[in-house]
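A.B. asks: One structure coming up, written as structure tokens, with questions to follow.
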Amino acid sequence: MYVGWALAYLGIGLATGSGWTLATLPAAGLWIHRDVVREEHRLQESFGDEYERYSERVGRYLPRR
């Protein structure tokens, strides 16, 4: 979901020629990454070892092989 959002944001910026959209992409990416890490901490606190096992199998942004 997050990778798709970032690609859509990038695509809109490129399609419209919007320098503003392209310039703010790194900041938006950092903002989202911060929220993802915060959410992972909450999930770890809520589900403990079960979430730990899950997160080892599943990549944060892209699937693991």
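Read-outs: derived from the displayed coordinates by stated rules, not from any lab. Predicted model, so just to flag it, every value in this text is computed and none were measured. No Cβ is skipped: glycine too gets one built from the backbone with ideal geometry, and neighbour counts run over all protein chains shown.
A.B. asks: Give, as a single signed number, the net charge of other residues whose beta carbon lies under 15 Å from the beta carbon of R42, with Lys and Arg counted +1 and Asp and Glu -1. Don't jump to the answer; show the numbers that get you there.
C.D. replies: Values: positive: R34, R38, R60; negative: D35, E39, E40, E45, E50, E52.
For residues surrounding R42, the net value is -3.
A.B. asks: Once Rh is set to the Kirkwood radius over Cα pairs, what Stokes-Einstein translational diffusion coefficient, in µm²/s, holds for the range 2-57 at a temperature of 20 °C and a viscosity of 1.002 mPa s? Intermediate results must be reported in sequence, preceding the final value.
C.D. replies: Details: Rh = 13.0 Å.
This corresponds to a translational diffusion coefficient of 165 µm²/s.
A.B. asks: Let me spell out the model: positive unit charges on the Cβ of Lys and Arg, negative unit charges on the Cβ of Asp and Glu, origin at the Cα centre of the chain. What dipole size does that give, in debye rounded to 20?
C.D. replies: Working: 8 positive and 8 negative charges, 55 e Å.
Once rounded to the nearest 20, the dipole reads 260 debye.
A.B. asks: Under the 0.36 nm per residue contour assumption, what length would be gained going from the current alpha-carbon distance of S55 and T16 to full extension?
C.D. replies: Values: separation 39, 0.36 × 39 = 14.04 nm, distance 3.69 nm.
Net length gain for the segment: 10.4 nm.
A.B. asks: For n ≥ 4 DSSP H runs only, could you compute -39500 (n - 2.57) per run for the chain, divide by its residues and tell me the 222 nm figure to the nearest 500? Don't skip to the end; give the middle numbers.
C.D. replies: Values: 3 runs with 53 residues, N = 65.
So the calculated ellipticity at 222 nm is -27500 deg cm²/dmol.
A.B. asks: Treating the angle as unsigned and between 0 and 90°, give the value, to the nearest 10°, between the Cα long axis of helix 2-16 and the longest Cα principal axis of the chain.
C.D. replies: So the inclination is approximately 0 degrees.
A.B. asks: Length gain on complete extension for the stretch Q44 to L25, per 0.36 nm per residue less the alpha carbon to alpha carbon distance? Each step should come with its number before you reach the end.
C.D. replies: On the way: separation 19, 0.36 × 19 = 6.84 nm, distance 2.84 nm.
Here the answer is 4.0 nm.
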